[in-house]
1. Could you list F233, F139 so that the one with the fewest beta carbons within 10 Å of its beta carbon is first and the one with the most is last?
2. Cross-link partners among lysines for K212, C-alpha distance below 18 Å, same-chain residues fewer than 8 apart left out?
3. Putting +1 on Lys and Arg Cβ atoms and -1 on Asp and Glu Cβ atoms, find which of L116, S210, M188 reaches farthest to the positive end of the dipole of segment 114-212.
4. Would you mind counting up the charge near I132? Only other residues with Cβ under 13 Å from its Cβ, with Lys and Arg at +1 and Asp and Glu at -1.
5. Would you please give the residues with an amide H less than 5 Å from that of I172, counting only those at least 5 places away or on a separate chain, with H modeled from the backbone geometry?
6. Sequence neighbours fewer than 8 away in the same chain don't count; with that in mind, list the aspartates and glutamates whose C-alpha is under 16 Å from K262.
7. Could you please rank T79, T121, placing first whichever residue has the fewest other Cβ atoms within 10 Å of its Cβ?
8. Gap in Å between the Cα centre of segment 190-234 and the Cα centre of segment 120-169?
Amino acid sequence: MADSSRVLQTLVVVLGVAAAVVLGWFLFVDVPDGNLARLVGVVLVVVAGALGARAAGRVASGLISDYDVAEVAVEGPITRDGGGSTIPPRPGGTPAGDVVEQIERADEDGDAEALLLRLNTPGGEVVPSDDIRLAAERFDGPTVAYATDVCASGGYWIASGCDDIYAREGSIVGSIGVIGSRVNAKGMADKLGLEYERLAAGEYKDAGQSLKEMTEDEREYLQGIIDGYYEEFVERVTDGRELSDEQVRDTEARVYLGEDAKSIGLVDELATKRQVEERLAADLGVEDVTVEEFEPERGVMERLRGGSRAVAYAFGAGVASAVAGDDATAADGFDFELR
């Protein structure tokens, strides 16, 4: 299919060039009189041919698809904006909005007959992970998750919504669990002479606040939220993988290497990317497939903003390391994550 598309594209371009050259010859060589005019005409013919090739190329790419599988990458921690929850924000995460936009663009394109999600992520925020999963489920065509190095927690939340999951032997897969974390800075605050003064409406408004001890009621309340997310995670996996509730819970949020993940049903097959493409070709009923990688559409200002964010993180991380040591982490409140 891919070879025939290329042949058709080439044919369209050749016909476009030929038509432009013929038209140029008639307008700039045959019509003018005199040698100088003819010389200029030859130059103009060449220009007309180049313009014709460019126009024909655009027409060909619009009329004839040169790919049939859209590839979208999910790499790094999954967050709403890709910045993470560290202070300063750590660059390099996966902005869920970008991934959703790429999947939707591939779906609307019409040329993509299948979606290949390439996953290398330790997980991340709950709702952004679910946004990506829902976008993949809405894709009109077969969806395949391909785990490279790591497909854990939020990554597996996404993958379990695809039609098939492939991984490598050395891939780390699983971690079906939810974690909530806080830093208890009460002792440090006491040493520094800092006192937490509560101004809030609602009993649980400041539950998990790092500058005060957590009460048992607050701990039970926050644990209930974590349990709710976990129940949702288990339900997602049982629906997507046709595993029993007991099978999923028995994993106890463990991670598994590829072969073990396959043996308990977390992945369908172990395969290289080339083998995944061969199976997609079989699913689509073609000899081979051509994969087009979709990337975020970012303007110049967004690229500059990304660069400045990386510089800010490097500077801020250096300052924090100098003041508090490499292992220090600052947090305020309570974070829920699939990791």
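Rule-based calculations on the coordinates, nothing more; no lab input. Since the structure is predicted, the reported quantities are computational estimates derived from the model, not experimental observations. With ideal geometry, Cβ positions are generated from the backbone for all residues, glycine too; neighbour counts draw on all protein chains shown.
1. Details: F233 24, F139 20.
The most exposed by this proxy come first: F139, F233.
2. K186, K191
3. The residue sitting farthest along the positive end of the dipole is M188.
4. Values: positive: R80, R118, R133, R138, R236; negative: E75, D98, E101, E104, E125, D130, D131, E137.
Neighbourhood net charge equals -3.
5. Here V150, C151 satisfy the definition.
6. D149, D163, D164, E169, E242, D250
7. Neighbour counts put them in this order, fewest first: T79, T121.
8. Answer, in whole Å: 31.
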